[in-house]
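Q: Got a structure here, written out as structure tokens. Questions coming.
The values are calculated or read from the model by the stated rules, or taken from the named source; none is laboratory data. These figures come from a predicted structure and were not determined experimentally. Positions of Cβ are generated from backbone atoms using ideal geometry, with glycine treated the same way; all protein chains shown enter the neighbour counts. In case anyone asks, the SASA skips ligands and DNA or RNA and just uses the protein heavy atoms, side chains included. Shrake-Rupley method; radii C 1.70, N 1.55, O 1.52, S 1.80 Å.
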Amino acid sequence: MIRFAGASLLLGACCVAFFELAFLRLGDSLSYERVISLQRSQGLLYAQGFFNARNEYKILGAKAAKAEVLALGSSRVMQLRQEDIPRRRFYNAANSASMLGEVDGMAAILKSVVEDAVPRTVLLELDPWLFNPNYPSNQKKAGGRGRLKRLLYENRVSRALLDGYWSLVWRLESYEALIRCGRPWLRELAVPSGPGIGLDARLLRTGFASDGSFVYPREYLERKEPELSAEEWERAFQGRNVWYPETDRLDASALAGLERLMDLARERRIRVVGVLPPFRPDLYAVLERRAFFRSFRTTVCETLRRRGGECFDFSSPASLGLSAADFYDEKHMNQRAWRQIVARLGRALEPKTD
Amino acid sequence: MSFYSLKFLAFLSVALAAYWFAPARRRPALLLAFSYGFCLLVGGARAVQTLFAVGLLSYSFARAIDASSGRTRSAALFLGTLVLIVILGCFKYGGAFRGWLLPLGLSYYVFAALSYLIDVYLEKRPFEKDLPALLLHLAFFPKLIQGPIERAGDLLPQLKAENRFDSARAAEGGRLILAGLFKKFVIADRLSLLVAAVFDHVADHRGLVLLIAVYAFTWQIYCDFAGYTDIARGVAKLFGIELRPNFDRPFSSTSIQEFWRRWHISFSSWLRDYLFMPLIAALRDYGTAGIVAASMTTFAIAGVWHGLSWGFLVFGLLHGVYMAGSVLTLKARDRFLRRRGWDGAALQWTRRLITFHMVAVSFAVFRCRSLSDALYLFTHLGGGAVQSAFGDVLSPIELAGLAAILLAGLYRMPFESFRRRNPALVDAALVNAVIFLGVKSDAPFIYFKF
């Protein structure tokens, strides 16, 4: 038994060492502090091949940038760059929907950032699914498991145990991703094919830039997703519909989270500019007929204004004169479209004067 | 709750602790409670109701058989068999028409119940007066979902015996569980990535890719099912109970008869004892035609036991043809080989290869989503080079790993002797392979749905 335990531990340590050394050499497991420092000094892109950047990376980046204008939101705002807001120090603290943690995640980022560097203005990009009770993350939070999870996270010991467990699970999933990876990571271990931190940054020239914005790979920018007819959209909604499930109410917990975020901003005298970005014309034509989408637009804007913020509803692409050519897919706009939004926001991005 | 979930680990830990800390005479009752609890957690209330109903019916009919004689005894057996088959048929095939879900493990415990009734009728074993013991025989949770299909004569005495904890047996159980997890996660689930990519879109591929997918599925289904059986047997050993092995290196078989003695042994021996042999006896006057009819009937039933689809039926019929052909040509083949003086290892390997390919063909039909897919597959096996996205499905590391396992399988003897000399090292390697190289997904066992 002792020999078995010893051999298991030894072999396990060898396996872990192999994976961890590979991650380190590829830049995938560099500490966020080191990544931020390298990005600020050398302007490198950061995109891991086997992990997702967590909100901590964005928090550290925002603190280091001491941004005057801070963007919060999902991947839909990640194309907004410093060059689009040239007169103010800008940092894009948006993160992908899977890592962000919805409205509560945005509030948590802001709460951490203001400990060291209070931005003057927050550009708050809001998506309809964040307020949809049928969005899987909201469903999970509302279910029994979500309640149990919240309860366990209130206790320090159980929180540490849970965090440890999930870190282990995610690490093992990353090892699995390395095993399954068909890209030439073994070659990258020996000779990096280009500048960048992390496998994807090196191989695909993609990733987060030093201002927190995201540079998409060329293949993504060049692809052209076909527009769908209303019937095709309705059929798509009948299938696995994560983003646009129909419902007659907004998620109360998400709205409460938004109110908490607004309260924090008001307390720290931060100007909040809420933005509801546009959808591609074919999708918008379908969404605008749906009750939830209409309710989302009015309720969220009312909440923002009631709590001292502003709301710019650009959901309709026509309101910005955009066409399908301004979108990479049905919900992600190109940089030109974002520049138009910034132009329309105008003085709203200036700091609060009262 | 599957065998490889944390929930099952928690369930098993509680069950083991309760079982071994309880007084010996209370253990069967505890095991029965845990088995029904497992059935409830995995299959829901309806699965428990069906399991209990089958147990109660088996007890009642066995009692009627035991208490009667002559034609009444035969009538009781006939009625009992009919009722159990109707229950199985309604759920198994009614699902295709009415959308009923198959209660957990029904196909397996109904077969166990049928063999019990027939054994009582034939006086191979006495009627079991202890109802909870019979219920436990059918419901014992390690074998509930996918077998092995145990005979009452083997399992019932063990369940009723006052077991004592045996650390050597428990260690053996742990090793079996480890071997099962390795087969499932490291081999079967890894192969399933390639198999699904090809078999779910057969018409997108041709040539070597199809051929490799056929081999891959043959090994996938073996490792998946044998992996499950190892885990089931390992878990049973932790309770001090021996379940029969279901596989004995089936791909080393040199004939189809031998293959069925080594593949899904509990099911194939059930078919042999309770279907094939009675059929052969009934059709003995018809000579060769009787053998062919018995083979075809037995294997057709084996095929549709998996479900109501043409693929399963053709799988069964193919094996019926193989078996009948094998039996009928045995003497002629032996004469032919003797005349040419072919013998020895080369001949054995040739026979193994031929048998393996015959089996692989049948499993390809089994896996194809339709008969037209199967037809496409067998008409596009030629064509040479790898043309489709084979390289995109499995990474170089996965391919190298599978090749290493294949080599270890081929050079089994040196590996076995190494294992005997260094058991701790091999077990440690298996643990780490499962943790680091196992596929981390929730792929169910293939035979779960049957």
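Q: Rank these residues by their accessible area, most exposed first, probe 1.4 Å: A:Leu178, B:Leu178, B:Leu122. Walk me through the numbers on the way to the answer.
A: Numbers: A:Leu178 0, B:Leu178 25, B:Leu122 95 Å².
Largest to smallest exposure gives the sequence B:Leu122, B:Leu178, A:Leu178.
Q: Using just the helices of chain B, give the 222 nm mean residue ellipticity in deg cm²/dmol: DSSP H runs with n ≥ 4 each add -39,500 (n - 2.57), and the total is spread over all residues, rounded to 500. Please list the in-between numbers first.
A: Values: 22 runs with 322 residues, N = 450.
My calculation for chain B gives -23500 deg cm²/dmol from helical runs alone.
Q: Taking only C-alpha pairs under 8 Å that are 6+ residues apart, what is the relative contact order of segment B:1-155 in percent?
A: It comes to 28 percent, rounded to a whole number.
Q: As an exercise, identify the trypsin sites (Lys or Arg not before Pro) in segment A:280-325 lying in DSSP coil whose Cβ has no more than 13 other Cβ atoms within 10 Å.
A: A:Arg289
Q: Taking every pair of alpha-carbon atoms in chain A, give the share separated by more than 31 Å as a whole percent. Intermediate results must be reported in sequence, preceding the final value.
A: Details: 24650 of 62481 pairs.
Taking all Cα-Cα pairs of chain A, the fraction more than 31 Å apart is 39 percent.
Q: Rounded to the nearest percent, how much of the accessible area of the protein assembly as shown (1.4 Å probe, protein heavy atoms only) is carbon and sulfur? Kindly include the intermediate steps, with their values, before the conclusion.
A: On the way: 22800 of 37560 Å².
Of all accessible area on the protein assembly as shown, carbon and sulfur atoms account for 61 percent.
Q: Given the whole protein assembly as supplied and a 1.4 Å probe, what does the accessible area of A:Arg271 come to in Å², nearest 10?
A: Only protein atoms counted, so the area is about 50 Å².
Q: Now a separate question. Excluding ligands, DNA and RNA, what is the solvent-accessible area per residue of segment A:14-157 at a probe of 1.4 Å, expressed in Å²?
A: Ligands and nucleic acids excluded, the figure is 44 Å² per residue.
Q: When the Kirkwood radius is taken over all Cα pairs of the protein assembly as shown, what Stokes-Einstein diffusion coefficient follows at 37 °C and 0.692 mPa s, in µm²/s?
A: 106 µm²/s
Q: Same structure, new question: Would you mind telling me which residue in A:Cys311, A:Cys181, A:Cys14 has the biggest mean-square fluctuation in a Gaussian network model of chain A, where springs connect alpha carbons within a distance under 10 angstrom?
A: Of the options given, A:Cys14 has the highest mean-square fluctuation.
Q: Here is a further query. What is the Cα centroid distance between segment A:255-326 and segment B:247-268, reported in whole angstrom?
A: Each part reduced to its Cα centre gives a spacing of 66 Å.
Q: Another question, then. Using packing as a proxy for protection, rank B:163-175, B:180-192 so that the peptide with the highest average count of other Cβ atoms within 10 Å comes first.
A: The peptides rank, most packed first, as B:180-192, B:163-175.
Q: In nm, to one decimal, how far is the modelled label at A:Arg306 from the one at B:Phe21, with both set 7 Å along Cα→Cβ?
A: Result: 5.4 nm between the two label points.
Q: At a 1.4 Å probe radius, which order do B:Arg262, B:Arg333, B:Arg420 fall into by accessible area, largest first?
A: Working: B:Arg262 45, B:Arg333 85, B:Arg420 170 Å².
Sorted by accessible area, descending: B:Arg420, B:Arg333, B:Arg262.
Q: Restricting to DSSP H runs of at least four residues, report the calculated mean residue ellipticity at 222 nm for chain A, -39500 (n - 2.57) per run over all residues, nearest 500 deg cm²/dmol.
A: Value at 222 nm, helices only, nearest 500: -15500 deg cm²/dmol.
Q: Rounded to two decimal places and with Rh computed the Kirkwood way over Cα pairs, what is Rg over Rh for chain B?
A: That ratio equals 0.97.
Q: Nearest 5 is fine: what % of DSSP beta bridges in the protein assembly as shown come out antiparallel, could you say?
A: Around 20 percent of the beta bridges assigned by DSSP in the protein assembly as shown are antiparallel ones.
Q: What does the C-alpha gyration tensor say about the overall shape of segment B:245-360? Classify as rounded when a/c is under 1.5, otherwise prolate if a/b is larger than b/c, or oblate. Provide the component values of the computation, followed by the final result.
A: Working: a/c = 1.95, a/b = 1.33, b/c = 1.46.
Oblate, since a/c reaches 1.5 and b/c is not below a/b.
Q: Cα convex hull of segment A:250-354: mean projected area in nm², to one decimal?
A: 7.1 nm²
Q: Taking a probe of 1.4 Å, how large is the accessible area per residue of chain B, in Å²?
A: Normalised by residue count, the accessible surface of chain B is 45 Å².
Q: Magnitude of the Cβ-charge dipole of chain B, K/R +1 and D/E -1, about the Cα centre, nearest 20 debye?
A: So the magnitude is around 760 debye.
Q: For chain A, what relative contact order do you get, as a whole percent, if you take Cα pairs closer than 8 Å and at least 6 residues apart?
A: 23 percent
Q: Tally Lys and Arg at +1 and Asp and Glu at -1 over the other residues with C-beta under 9 Å from the C-beta of B:Ile118: what net charge comes out?
A: -1
Q: Next question. Rounded to the nearest 20 debye, what is the charge dipole size of the protein assembly as shown about its Cα centre when +1 sits on each Lys and Arg Cβ and -1 on each Asp and Glu Cβ?
A: Roughly 1340 debye, rounded to the nearest 20.
Q: Step through the table entries A:Lys58/A:Lys140; A:Lys111/A:Lys140; B:Lys183/B:Lys440; B:Lys92/B:Lys184; B:Lys160/B:Lys237, compare each Cα-Cα distance with 18 Å, and write down the pairs that go over it.
A: A:Lys58/A:Lys140; A:Lys111/A:Lys140; B:Lys92/B:Lys184
Q: For the charge dipole of chain B, defined by +1 on Lys and Arg C-beta atoms and -1 on Asp and Glu C-beta atoms about the Cα centroid, which residue among B:Tyr121, B:Gly207, B:Cys223 has the Cα displaced farthest towards the positive pole?
A: Looking along the dipole axis, the top candidate is B:Tyr121.
Q: Cβ neighbours within 10 Å, averaged per peptide: list A:69-76, A:39-46 in order, most packed at the top.
A: Details: A:69-76: 24.6, A:39-46: 17.0.
Packing proxy ranking, top to bottom: A:69-76, A:39-46.
Q: Given contacts defined as C-alpha pairs under 8 Å and at least six residues apart, what's the relative contact order of chain B, whole-number percent?
A: 18 percent
Q: Where does each of A:Met1, A:Met99 land when they are ordered by accessible area, with a 1.4 Å probe and the largest first?
A: The ordering from most to least exposed comes out as A:Met1, A:Met99.
Q: Just going by the charge dipole of the protein assembly as shown, with Lys and Arg at +1 and Asp and Glu at -1 on Cβ, which of B:Asn432, B:Ala197, A:Ser37 is farthest out on the positive end?
A: Farthest towards the positive pole: B:Asn432.
Q: Mind checking the dipole of chain A: about its Cα centre, +1 per Lys or Arg Cβ, -1 per Asp or Glu Cβ, Debye to the nearest 20? List each step's numbers first, then the result.
A: Details: 54 positive and 43 negative charges, 167 e Å.
Using Cβ point charges on Lys, Arg, Asp and Glu, chain A gives about 800 debye.
Q: Over the heavy atoms of A:Tyr328, what accessible area does a 1.4 Å probe trace out, to the nearest 10 Å²?
A: 40 Å²
Q: Leaving out ligands, DNA and RNA, calculate the buried accessible area for the pair A and B with a 1.4 Å probe, summed over both sides, in Å² to the nearest 100.
A: Result for this pair: about 1600 Å² buried.
Q: Just tell me how shielded A:3-16 is by partners: mean number of partner chain Cβ atoms within 10 Å of each residue's Cβ, no decimals.
A: 5
Q: May I pose another question? On the principal axes of its Cα set, how long, how wide and how thick is segment B:1-106? Give whole Å, largest value first.
A: 50, 41, 18
Q: Now for a separate question. Taking beta carbons within 10 Å but only from partner chains, what does the mean come to for residues A:179-189?
A: Mean partner shielding for this stretch: 4.
Q: Select from A:Phe237, A:Phe131, A:Phe18 the residue whose mean-square fluctuation is largest in a Gaussian network model of chain A (Cα-Cα springs shorter than 10 Å).
A: In this elastic network of chain A, the residue with the biggest mean-square fluctuation among A:Phe237, A:Phe131, A:Phe18 is A:Phe18.
Q: Would you give the gap between the C-alpha center of segment A:163-220 and the C-alpha center of segment A:41-55, rounded to a whole Å?
A: Result: 8 Å between the Cα centres.
Q: Something else: When Cβ neighbours within 10 Å are restricted to other protein chains, what is their mean count per residue of peptide B:424-436?
A: Going residue by residue through B:424-436 and averaging, the value is 6.
Q: Give me the accessible area of B:His306, 1.4 Å probe, in Å² rounded to the nearest 10.
A: 10 Å²
Q: Here's another thing I want to ask about it. Just want the answer: with Cβ charges of +1 for Lys and Arg and -1 for Asp and Glu, which residue in B:Leu134, B:Gln49, B:Gly307 is farthest toward the dipole's positive end in chain B?
A: So the residue furthest toward the plus end is B:Leu134.
Q: Just A:Ala108, A:Ala142, A:Ala337 to compare: in a GNM of chain A, with alpha carbon springs under 10 Å, which one fluctuates most?
A: Largest GNM mean-square fluctuation: A:Ala142.
Q: Using a cut-off of 17 Å between alpha-carbon atoms, which lysines can reach A:Lys224, once sequence neighbours fewer than 8 places away in the same chain are excluded?
A: Cα-Cα hits under 17 Å: A:Lys331.
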